[in-house]
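Here is the structure we will look at.
The values are calculated or read from the model by the stated rules, or taken from the named source; none is laboratory data. This is a predicted model, so every value here is computed, not measured. Ideal geometry is used to build each Cβ from the backbone, glycine not excepted, and the neighbour counts take in all protein chains shown.
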Amino acid sequence: MAQQTRLPTHRKSSLRAALFLPVALLLGACQSLAPLDSDMPAAQQVPDVPFFPQEAYQCGPAALATVLGSAGVPVDDQALVDEVWLPARRGSLAMELVAAARARARLVYPVNTPQALLQQLEAGQPVLVMQNLAFSFYPRWHFAVVTGYRDRGATVVLNTDTREAEPENWNRFVRTWARADYQGWVVTPPGILPAGARPVALVRALEELSGTAGASAATAYWDAAGERFPNDYLVQFALGNHRWAEGRAPHAIDAWRAATRARPSEFAAWHNLALALASQGCDTASALDGARQSAPGSERLQQLEQAVADTPAGESCL
Amino acid sequence: MTTSFRSHSRTRSVFVRLLAVLFVSMQTLLVPAAHAAVTGAGQGMIGTAEVLQQESRAENEARIHAALARDDASSALERFGVAPEQVDERLDRLSDSELASLADQAEDLPAGEGALGVLVFILVLLIILDLLGVTNVFPAI
């Protein structure tokens with residue numbers, strides 16, 4: 001069992017906000033088969049997923065140990081129980097599971113749609129999912145790990161409570177998952193990015209990893225992200241920031257240059273590039289030019305020009 | 001005996017509470033500073049968080065647009081008498097998390113013409129955005 005703390009913050013009418021979940025339920029209820037792509041096989045099973053049968057109410061630690069083991073972290077599920085299991089609640093919090101995985105220097109990436117779930121399985125990654133086994137008004141939270149599917153998607157395979165590779169009807173599974181707001185995560189080994197990772201979600205996940213485990217824990221993932229998205233503005237911009245924070249100025253400059261090529265109209269990349277070039281004693285003319293064109297007359301541009309002018313000239317560039 | 005024990009435990013609980021307050025306030029002061037250093041905002045650089053937030057909204061709006069551009073979705077919108085520009089305008093009012101939730105659902109729509117899911121999605125979208133116009137049955141939303 002697990003408790004959920006991720007309550008949505010409703011700024012507006014609660015009736016309107018309440019409409020967000022029902023649509024998920026309605027859509028979920030229509031699916032008797034998992035939405036397989038036409039090129040996906042009729043059955044798939046992620047190999048070598050470790051199995052930790054849960055004790056008492058400890059499905060959270062067991063599910064977490066499963067995905068961590070699969071991501072190459074040697075774990076002792078009893079140690080995880082001490083870390084993420086709350087005796088008073090007889091359960092774990094989803095956010096604590098995620099934080100515990102990040103604390104072990106692993107990237108945790110959200111998996112929030114049936115399509116994304118299948119994509120992870122196809123890429124050989126088990127998916128930790130949160131389920132509500134009872135009703136939305138009387139929830140019974142549970143964590144399990146999806147390790148595969150069968151019968152053209154009519155059945156999913158779960159490591160759940162004390163059962164390993166337990167087949168479950170897709171329709172029933174997707175309803176319990178929808179009642180937990182489609183919360184799910186994949187945990188990947190260092191330097192391996194999740195299948196179908198999107199720039200925005202990936203950068204957010206990487207920032208969260210850096211925040212929890214320190215920038216160096218994220219470096220292998222960042223380098224992989226830079227290679228997978230060489231022409232993405234956000235990824236290259238954020239990669240530059242990561243490398244700069246690590247003191248790798250020449251590499252940061254490369255990434256920011258890539259960001260300015262991807263989207264010359266964005267001020268932020270020109271700004272950081274110009275500051276970095278100035279600090280290295282390099283020519284800043286073209287970077288300042290880009291900054292001027294992307295944010296003409298702005299206060300930030302003035303501050304940038306001032307900061308670059310104030311930087312003492314270096315002896316040689318890089 | 002009992003009273004002295006009680007007052008002792010009370011002193012201890014006050015002490016524990018003080019420690020907790022101190023710890024929490026230290027955390028709130030220290031954690032943002034550590035995070036700012038991580039994202040490179042410390043040295044006058046524009047941090048990742050700022051750009052991430054604006055990119056995140058743009059991506060979610062693009063995902064919703066992609067769903068609304070489907071033939072079955074745009075004809076449903078037309079049937080309700082709503083122009084795509086009106087939808088855009090209202091999307092700006094949603095919070096980041098509401099927008100993300102809608103975008104996830106938009107992406108999850110089943111493929112194929114005339115699917116029920118598309119109609120349900122459009123209807124809910126219009127209710128959320130208060131765009132049902134003359135047929136507005138929830139004026140309070």
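Some values worked out for this structure:
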{"item": "Among residues of segment A:226-278, those that are more than 15 Å from A:PRO199 (Cα to Cα), within 11 Å of chain B (Cβ to nearest Cβ) and acidic (Asp, Glu), counted", "result": "2"}
{"item": "Count of segment A:74-113 residues which are surrounded by 24 or more Cβ atoms within 10 Å (Cβ to Cβ) and either over 19 Å from A:GLY60 (Cβ atoms) or within 14 Å of another protein chain (Cβ to nearest Cβ) (or both)", "result": "2"}
{"item": "Residue check, A:ALA105 within 16 Å of the chain's Cα centre (by Cα), in contact (Cβ under 8 Å) with a residue 12 or more places away in the chain and on the phi > 0 side of the Ramachandran plot", "result": "yes"}
{"item": "Some residue of segment A:138-146 being more than 26 Å from A:ALA197 (Cα to Cα) and buried (at least 16 other Cβ atoms within 10 Å of the Cβ)", "result": "yes"}
{"item": "Options A:THR160, A:THR212; residue that is farther than 19 Å from A:VAL73 by Cβ and either touching a Lys or Arg at 6+ places or on another chain (Cβ under 7 Å) or not acidic (Asp, Glu) (or both)", "result": "A:THR160"}
{"item": "Candidates A:ARG172, A:ARG152, filtered to the one that is in a helix (DSSP H, G or I) and without any contact (Cβ under 8 Å) to a residue 12 or more places away in the chain", "result": "A:ARG172"}
{"item": "Residue in segment A:175-196 that is in a helix (DSSP H, G or I) and either modelled with pLDDT of 95 or more or within 21 Å of the chain's Cα centre (by Cα) (or both) present", "result": "yes"}
{"item": "Helices (runs of 4 or more DSSP H) contained entirely in segment A:239-318, each with at least 2 residues that are crowded, with 24+ Cβ neighbours inside 10 Å, under 35 Å from the mean Cα position of the chain (by Cα) and aliphatic (A, V, I, L, M)", "result": "A:249-262, A:267-279, A:285-294"}
{"item": "Breaking point among (1) modelled with pLDDT of 75 or more; (2) within 13 Å of chain A (Cβ to nearest Cβ); (3) exposed (fewer than 15 other Cβ atoms within 10 Å of the Cβ), for B:SER75", "result": "(2)"}
{"item": "Set A:VAL73, A:VAL49, A:VAL98: member being at pLDDT 85 or above, under 14 Å from the mean Cα position of the chain (by Cα) and under 27 Å from A:LEU193 (Cβ atoms)", "result": "A:VAL98"}
{"item": "Given (1) within 30 Å of A:ALA215 (Cβ to Cβ); (2) modelled with pLDDT of 85 or more, number of the condition B:ALA67 does not satisfy", "result": "(1)"}
